[in-house]
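Only one structure is covered here, and it is reproduced in the block below.
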Amino acid sequence: MYGRQGSAGLVRLRQVGLLAGQTVLAVLAVLALTLVSTAQAAGPKLTPSSPVTRGSTYLALGDSVTFGYQEPQVIPAPNYHRADGFRGYPEQLGTVLHLKVTNLACPGETSASLVNAKAPSNGCEDGYRKAFPLHTNYSGSQLKAAVTFLKSHPRVRLVSLMIGANDLFLCQATTKDGCTSPAEQKATLARVSANVRRILSEIRGRAHYGGQIVMVQYFSLNYSSPLITGYSAGLNRAQDSAAKPFHVRIAGAFGEFRTASRRFGQNPCLAGLLTQLGAYGSCGVHPSYAGQTLLAKSVATATRL
């Protein structure tokens, strides 16, 4: 992922998003404080059930959602030359749980380009990385950087992965029918599954990482649309099923966004969970600050502390 009814409506929408973010942050903070206070120290060998403890390291992998990317139309306009201005769910979770965050995510990353930097992306290797800084600088693929990092940082206790949306966006951009063919969708999701298996196999195998891994689900851009929601649900099934053999936990962001959107006609845009592009009801495809907070909550809920 790399997306007017007057000023009064815009102000109301921002207020809704701000209140939503504040509410979820409060819930997240209470959850963290409660669980951290009862956490026990892990043994010398990490397992998928070893708890995440205060001061440990969290490695985040993914695309623009994990990066915290926002579109140029967002007000105030993002400064792409300062990566620290983008606070995605990894940074929010790290603040609340007192973790050391390393975020390798790249806007436009596909599941294939995460594995192989020469594979087609939706604007990561051939675009964003050339023009702007990432949260963490590295050469080669994101997977190679992750394996290297895990080998040299034994205090990593949490790895999260959210990948695949750009595979569908790339399919939409490169096919004549916009990837509406069931066969095209099936082939794309099969590639996502294969790449997720490759990513997790290398994290568990080559990097010898035995700690917790959380797969972060994608949300629907509009739960009232069966077509749009079907894309997200299918993508989540593809990555979740591929990850199952690797002893992962699932962060149920799909359900979290749907629940938070119920009072707004099942529309995350109107609920203030997506980036606001100026006019009331005009949204991008990325989470707003409130949406990122909801993602952080879903990861915290899935994490054993």
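Details
- On inspection, Gln40 fails the criterion of being over 21 Å from Phe149 (Cβ atoms), touching a Leu at 6+ places or on another chain (Cβ under 8 Å) and either modelled with pLDDT of 95 or more or in a loop (DSSP other than H, G, I, E, B) (or both).
- Extreme residue, farthest from Ala117 (Cα to Cα), among residues of the range 64-85 that are in a loop (DSSP other than H, G, I, E, B) and of a type in the set (Gly, Ala, Ser): Ala77
- Scanning the range 157-190 for residues that are at positive phi and either open to solvent by 20 Å² or more (accessible area, probe 1.4 Å) or touching an Asp or Glu at 6+ places or on another chain (Cβ under 9 Å) (or both) yields a total of 2.
- Of the candidates Gly255, Gly230, Gly281, Gly291, the single residue that is of a type in the set (Gly, Ala, Ser), part of a helix (DSSP H, G or I) and open to solvent by 30 Å² or more (accessible area, probe 1.4 Å) is Gly230.
- Qualifying residue in the range 191-208 (condition: surrounded by 15 or more Cβ atoms within 10 Å (Cβ to Cβ) and part of a loop (DSSP other than H, G, I, E, B)): yes
- Condition check for Leu61: in contact with a helix residue (DSSP H, G or I) (Cβ under 7 Å, 6 or more places away or on another chain), surrounded by 19 or more Cβ atoms within 10 Å (Cβ to Cβ) and assigned to a helix (DSSP H, G or I): no
- First in the range 209-221 and more than 25 Å from Gly284 (Cα to Cα) and modelled with pLDDT of 95 or more, second anywhere and open to solvent by less than 10 Å² (accessible area, probe 1.4 Å) and part of a strand (DSSP E or B), Cβ under 6 Å, 6 or more apart: Gln212/Leu158; Ile213/Val159; Val214/Ser160; Val214/Ala251
- Candidates are the residues of the range 86-122 that are basic (Lys, Arg) and assigned to a loop (DSSP other than H, G, I, E, B); the one that is least open to solvent (accessible area, probe 1.4 Å) is Arg87.
- So Lys186, is it under 25 Å from Thr57 (Cα atoms), out of contact with any strand residue (DSSP E or B) (no Cβ under 8 Å at 6 or more places or on another chain) and assigned to a helix (DSSP H, G or I): no
The values are calculated or read from the model by the stated rules, or taken from the named source; none is laboratory data. Being a predicted model, the structure only gives us computed values, none of them experimental. Virtual Cβ from ideal backbone geometry, glycine too; neighbours counted across all protein chains shown. Heads up: the accessible areas ignore ligands, DNA and RNA and are worked out on the full protein's heavy atoms, side chains in. Shrake-Rupley method; radii C 1.70, N 1.55, O 1.52, S 1.80 Å.
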